[in-house]
Amino acid sequence: MDLEILSRLQFAITIAFHYIYPPLSIGLGVIMVVMEGMYLKTKDKFYENMTKFWVKVFALTFAIGVATGIVMEFEFGTNWATYSRFVGDVFGSALAAEGIFAFFLESGFLAVLVFGWDKVGPKMHFFSTLMVALGSMFSAIWIVVANSWMQTPAGFHIVGEGINARAEITDFWAMVFNPSSVDRLLHTLSGCWLAGSFLVISIAAFYLIRNKHIRFAKSSIKIALVVALIASFFQLFTGHQSAVGVSKNQPAKLAAMEAVFNTQTNAPLYLFGWVNEKDQEVKFGIAIPSLLSYLIGFSTDTEVKGLNDFPEDERPPVNIVFQAYHIMVAIGFLLILISVVGVFYWWRGTLFSKKWLLWIFVFSVLLPQIANQVGWITAEVGRQPWIVYGIMKTSEGLSKAVQEGQVWLSLILFTIIYLALFVLFLYLLNEKIKHGPEDVDSIPSELGHPKA
């Protein structure tokens with residue numbers, strides 16, 4: 001493998017491991033706010049103790065997320081020095097904003113969230129929980145803004161020439177609200193909410209199958225199901241909006257997502273298939289006629305630009321983008337189905353007697369994670385060969401001094417370390433699940449009778 005492929009692979013592995021944890025933290029933050037808000041409203045200690053358990057899980061994911069995220073910032077300088085020099089002004093402002101408005105907010109209140117239960121009042125602790133949850137989402141905002149600028153750059157001009165060229169911000173808010181940032185941010189956040197809610201659903205369903213912590217598990221599932229139902233439909237909406245934006249701002253990516261080789265109206269939407277890039281056809285595929293054109297323009301006469309309208313060296317890899325995109329969409333609809341079925345049986349009063357559904361809940365925790373990963377692959381591989389879309393190619397952003405052997409060594413070491421951290425995360429999470437919440441099922445209510 002050449003230096004470019006190695007450097008891309010190293011960054012891909014690093015961010016893939018890292019991206020397991022922030023979505024869980026963001027999703028759990030929302031659910032903790034709901035649970036602790038119910039404690040403030042009802043004064044029922046059950047909800048306080050329920051929140052305490054999920055705070056422990058949140059703290060674990062937050063800690064591992066921070067540890068796995070540090071390396072990426074160094075990789076910008078070591079492997080992608082030319083790129084870093086070019087985008088330094090843009091990324092510097094976005095990452096500085098993340099530090100000021102997100103990380104300091106989140107980490108500043110984290111100690112109160114984790115250790116302040118008996119040291120501050122209930123309202124102050126709830127405020128800390130809210131600030132941590134908002135801080136985690138603010139962090140996502142600035143990271144997505146920076147990445148979206150790479151997809152649809154705006155609010156800048158280029159100063160200097162050649163190796164000394166760099167993008168300089170001319171309009172900060174145009175950079176922040178670049179053409180893809182809002183759609184991509186909302187889609188990313190909905191994926192995070194799904195990741196957190198299905199983690200809660202999975203653990204709570206496991207407890208019910210084992211007949212442990214019954215009231216805790218039932219209450220946790222109900223709260224998380226509501227979040228999952230809202231987030232799953234919201235993700236469908238934001239996904240559609242993102243695809244419409246891609247059709248306007250990155251037509252080559254959309255063409256790869258749906259394997260459109262020739263510009264056409266009445267473009268079909270594939271449910272699945274395998275792309276033969278050499279013959280420019282989709283094998284074993286099933287497509288709905290005209291649906292792609294209709295979805296992106298609300299008319300079957302909407303023209304979809306094909307890959308053959310782009311120079312060969314400016315086309316993304318088709319099959320990997322096609323497969324990743326369709327896996328993401330399929331999982332999105334599956335999460336809607338699971339959420340709707342869960343709420344339906346809850347409404348019928350038979351949710352917790354459906355053991356087959358509880359087992360589906362247990363394994364459903366994997367689905368948002370897979371969807372988030374393949375969604376990232378769709379976004380990042382789909383903009384190739386550009387590292388800054390239409391301005392700088394990925395091959396042009398590489399460091400000039402780094403050798404292949406150095407990248408191989410760091411790639412192997414990082415992979416080993418990240419695998420070790422992932423195993424540690426699973427081990428610690430399993431320990432917390434085995435220990436379970438405090439004996440919340442027997443906590444008396446304010447009226448003096450047990451709420452088991």
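The values are calculated or read from the model by the stated rules, or taken from the named source; none is laboratory data. Quick caveat, the model's predicted, so the values are computed rather than measured. As a convention, Cβ positions derive from the backbone with ideal geometry for all residues, glycine included, and neighbour counts pool all protein chains shown.
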**Report entry** Count of segment 151-196 residues which are touching a Lys or Arg at 6+ places or on another chain (Cβ under 8 Å), over 17 Å from GLN241 (Cα atoms) and either at pLDDT 90 or above or among the basic types (Lys, Arg) (or both)
**Finding:** 1
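Considering only residues that are of a type outside the set (Gly, Ala, Ser) and out of contact with any helix residue (DSSP H, G or I) (no Cβ under 9 Å at 6 or more places or on another chain), look in segment 415-434 and name the one that is surrounded by the fewest Cβ atoms within 10 Å (Cβ to Cβ). If you could, list the steps in order and put the result at the bottom.
Just the residues of segment 415-434 that are of a type outside the set (Gly, Ala, Ser), to begin with: 415-419, 421-434.
Those left that are additionally out of contact with any helix residue (DSSP H, G or I) (no Cβ under 9 Å at 6 or more places or on another chain): 416, 423, 426-427, 430-431, 434.
Values: ILE416: 10, VAL423: 10, LEU426: 10, TYR427: 10, ASN430: 10, GLU431: 10, LYS434: 8.
Step by step, filter segment 415-434, then rank; the result is LYS434.
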Report summary line: Sole miss for ASN308 among (1) within 30 Å of the chain's Cα centre (by Cα); (2) in a helix (DSSP H, G or I) is condition (1)
Query raised in the report: Right, LYS41: without any contact (Cβ under 8 Å) to a residue 12 or more places away in the chain and either charged (D, E, K, R) or not assigned by TED's automatic domain parsing to the domain that holds GLY116 (or both) or not?
Result: yes
Query - Segments classed as helices (runs of 4 or more DSSP H), wholly inside segment 181-295, with at least 2 members that are under 19 Å from PRO23 (Cα atoms), among the small types (Gly, Ala, Ser) and touching a Phe, Trp or Tyr at 6+ places or on another chain (Cβ under 8 Å) - result: 181-209, 214-249
Query raised in the report: Within segment 385-414, can you find the residues that are surrounded by 13 or more Cβ atoms within 10 Å (Cβ to Cβ) and either over 26 Å from PHE91 (Cα atoms) or among the acidic types (Asp, Glu) (or both)?
Result: GLU396, GLU404, TRP408
Requested in this report: Confirm whether VAL402 is within 18 Å of MET72 (Cβ to Cβ), part of a loop (DSSP other than H, G, I, E, B) and modelled with pLDDT under 95.
Outcome: yes
Report summary line: Across (1) of a type outside the set (S, T, N, Q); (2) under 30 Å from ARG210 (Cβ atoms); (3) buried (at least 17 other Cβ atoms within 10 Å of the Cβ), VAL321 clears everything bar (2)
Requested in this report: Tell me, yes or no, whether segment 138-154 has at least one residue that is without any contact (Cβ under 8 Å) to a residue 40 or more places away in the chain and under 20 Å from TYR47 (Cα atoms).
Outcome: no
Query raised in the report: Regarding MET50, is this residue touching a residue at least 40 places away in the same chain (Cβ under 8 Å) and over 24 Å from the mean Cα position of the chain (by Cα)?
Result: yes
Query raised in the report: Of (1) part of a helix (DSSP H, G or I); (2) surrounded by 14 or more Cβ atoms within 10 Å (Cβ to Cβ), TRP173 satisfies all except one. Which?
Result: (2)
Requested in this report: Among residues belonging to segment 253-273 that are touching a Pro at 6+ places or on another chain (Cβ under 8 Å) and surrounded by fewer than 23 Cβ atoms within 10 Å (Cβ to Cβ), point out the one that is farthest from LEU291 (Cα to Cα).
Outcome: ASN266
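Criterion first (under 24 Å from the mean Cα position of the chain (by Cα), within 19 Å of PHE234 (Cα to Cα) and surrounded by fewer than 15 Cβ atoms within 10 Å (Cβ to Cβ)) does PHE363 satisfy it? I'd like the intermediate steps shown before the answer.
Details: under 24 Å from the mean Cα position of the chain (by Cα): yes; within 19 Å of PHE234 (Cα to Cα): no; surrounded by fewer than 15 Cβ atoms within 10 Å (Cβ to Cβ): yes.
When the stated conditions are applied, PHE363 does not pass them.
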Query raised in the report: What single numbered condition from (1) at pLDDT below 85; (2) farther than 19 Å from TRP376 by Cα fails to hold for TYR39?
Result: (1)
